[in-house]
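Heads up: the structure comes next, in C-alpha cells.
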Amino acid sequence: MEVFDYEDIQLIPNKCIIKSRSDADTSIKFGPRTFKIPVVPANMETVINDDLAIWLAQNGYFYIMHRFQPEKREGFIKMMHEKDLYASISVGIKDDEYKFIDQLVADNQKPEYITIDVAHGHSDFVIQMIHYIKDKLPDSFLIAGNLGTPEAVREIENAGADATKIGIGPGKACITKLKTGFGTGGWQLAALRLCSKAARKPMIADGGIRFNGDIAKSVRFGASMVMIGSLLAGHEQSPGNVISIDGKKYKQYWGSASEKQKGAYRNVEGRQMLVPYRGEISDTLFEMQQDLQSSISYAGGKELKDIRTVDYVVVKNSIMNGD
C-alpha cells in the first residue's frame, strides 16, 4: 500500500480552460443542499457555536453543531428552523441519545443533518444507532464516523449512513496515535484514498489540514467535504476569549477527547493549545474559496469534480524539508 500524507503529495497541472480563476465553480451538493465550498468547521466546542452556525447557514456554508451541550440541541434545531435555516447536529451513542431521538420525533423537530460523532465509528453500537435514526428520522441526512478503513466504510454505508467521516486522530489537537498506537495520523491522505475505493456515498475528510491546498488534495482523493479544525479556530467569531501573550493574540483550542473537554483525566486522546488570532472568519473562508478556484484552474477544469482526475507525485515531506 502506498502511504503518504498531505505534505508528501503535489498535484500535477493540466492545461487551463478558463479565462479567469473566478470562473471556477467551487460549489458542492452535499445531502439535500448545495454549499459554496467543500469545507465544514470541525464539530468541536472551540470551533463552532450557535452564532457562528447561524452565520454559516445564512451565507451558504455547511456546518455541524457539536454535541457537548446535549440539553441545548433541540432548542438549537427549533431556533434554526424559526430563522428558516437548516439544522445540523451531532449525537453520540449513549443510552440517553436514543431518548433524545425519540423526543425529536415526538416534538416534530427534525434536523436536516445528523452526525453520529464517535472517535472509533467502526462499531456495533454506531451501526445500532444508524438503524435507530434511519427508522425514526428517515428524512435526515445521516453522517457517521470516524472511520479509517475501506471495511469500515462499506459496513457503515451498508448500515444506512448517507455519508461517512474519515480520519482517526490526524488532527492537530489529537494524540490518539501517541496514546494508543492506532489511527490515520501521518497517512490521513492515503487512508482517504483507500477508503474512497470502497465508498459509494459521500465522504468527509476529517483532520490533518494544515494549508488551503490540502482541501484540493482531499477532493482529489475522494472527499466531498473537508472538515477543518485548527485552521478555522481562532477567529473573531470562534468560541472562546482572545488571550494576549507578549503582544500577540491567541484563542484556546482543544480536542474533543481532551481533558479540558471531558472535564476529567480519563481516556484522554486530545490536548489543549493556543492558536493565533485570525480576525474575521469570512475572510478566511473567502480565501479558501479563491485558492480552490485556483486549484480548479490548475486542474484544467471548471468545477470541483475536475480536480478528481489530475495526476499526482509523491514528494516525501517536501515542505517539511524546506524544498
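The values are calculated or read from the model by the stated rules, or taken from the named source; none is laboratory data. For clarity, every value in this text was computed on a predicted model and none was experimentally measured. Note: ideal-geometry Cβ built from the backbone for every residue, glycine included; neighbour counts use all protein chains shown. We work out accessible area using only protein heavy atoms, side chains counted, and drop any ligands, DNA or RNA first. Shrake-Rupley method; radii C 1.70, N 1.55, O 1.52, S 1.80 Å.
Taken over the range 13-22, the criterion of being surrounded by fewer than 15 Cβ atoms within 10 Å (Cβ to Cβ) and under 23 Å from residue 62 (Cβ atoms) is satisfied by 22 alone. Tell me, yes or no, whether the range 60-72 has at least one residue that is in contact with a strand residue (DSSP E or B) (Cβ under 7 Å, 6 or more places away or on another chain), modelled with pLDDT of 95 or more, closer than 17 Å to residue 293 by Cα and open to solvent by 60 Å² or more (accessible area, probe 1.4 Å). So far as the range 60-72 goes, no, none of its residues is in contact with a strand residue (DSSP E or B) (Cβ under 7 Å, 6 or more places away or on another chain), modelled with pLDDT of 95 or more, closer than 17 Å to residue 293 by Cα and open to solvent by 60 Å² or more (accessible area, probe 1.4 Å).
Counting the residues of the range 184-216 that are open to solvent by 20 Å² or more (accessible area, probe 1.4 Å) and out of contact with any Pro (no Cβ under 9 Å at 6 or more places or on another chain) gives 8. A residue that is free of Cβ contacts under 8 Å to residues at least 24 places away in the same chain and closer than 23 Å to residue 154 by Cβ cannot be found anywhere in the range 97-111. The criterion of at least 3 residues that are modelled with pLDDT under 90 is met by the following helices (runs of 4 or more DSSP H) wholly inside the range 208-323: 259-262. Take residue 163 and decide whether it is open to solvent by less than 10 Å² (accessible area, probe 1.4 Å) and in contact with a Gly (Cβ under 8 Å, 6 or more places away or on another chain). Yes. Just a yes or no: is a residue in the range 97-112 of a type outside the set (Asp, Glu), closer than 23 Å to residue 34 by Cβ and either at pLDDT 95 or above or out of contact with any Cys (no Cβ under 9 Å at 6 or more places or on another chain) (or both)? Yes, because at least one residue in the range 97-112 is of a type outside the set (Asp, Glu), closer than 23 Å to residue 34 by Cβ and either at pLDDT 95 or above or out of contact with any Cys (no Cβ under 9 Å at 6 or more places or on another chain) (or both). The set of residues from the range 149-197 being touching a residue at least 12 places away in the same chain (Cβ under 8 Å) and of a type in the set (D, E, K, R) comprises 151, 154, 155, 157, 162, 165, 172, 179, 193, 197.
Name every residue in the range 73-84 that is touching a residue at least 24 places away in the same chain (Cβ under 8 Å) and open to solvent by 20 Å² or more (accessible area, probe 1.4 Å), in order of residue number.
74, 78, 79, 81, 83
Taking interchain pairs and intrachain pairs at least six residues apart, which have beta carbon atoms under 7 angstrom, with the first residue in the range 282-297 and under 24 Å from residue 234 (Cα atoms) and the second open to solvent by 30 Å² or more (accessible area, probe 1.4 Å)? These pairs meet every condition: 284/278; 287/212; 288/212; 289/36; 291/212; 291/213.
The sole residue among 213, 207, 186 that is farther than 21 Å from residue 305 by Cβ and within 17 Å of the chain's Cα centre (by Cα) is 207. Only a single criterion out of (1) touching a Leu at 6+ places or on another chain (Cβ under 8 Å); (2) within 30 Å of residue 195 (Cα to Cα) is not satisfied by residue 58, namely (2).
I'm checking my understanding of the structure. Among residues of the range 93-132 that are of a type in the set (Asp, Glu) and open to solvent by less than 80 Å² (accessible area, probe 1.4 Å), which one is farthest from residue 182 (Cα to Cα)? Ranking the qualifying residues of the range 93-132, first place goes to 107. When residue 177 is tested against the conditions (1) modelled with pLDDT under 90; (2) open to solvent by less than 20 Å² (accessible area, probe 1.4 Å), the lone failure is (2). Considering only the range 137-159, state which residues are within 16 Å of residue 115 (Cβ to Cβ) and open to solvent by 20 Å² or more (accessible area, probe 1.4 Å). Selection gives 139, 141.
Here residue 43 meets the list (1) more than 24 Å from residue 137 (Cα to Cα); (2) in contact with a Lys or Arg (Cβ under 8 Å, 6 or more places away or on another chain) almost entirely, failing just condition (1).
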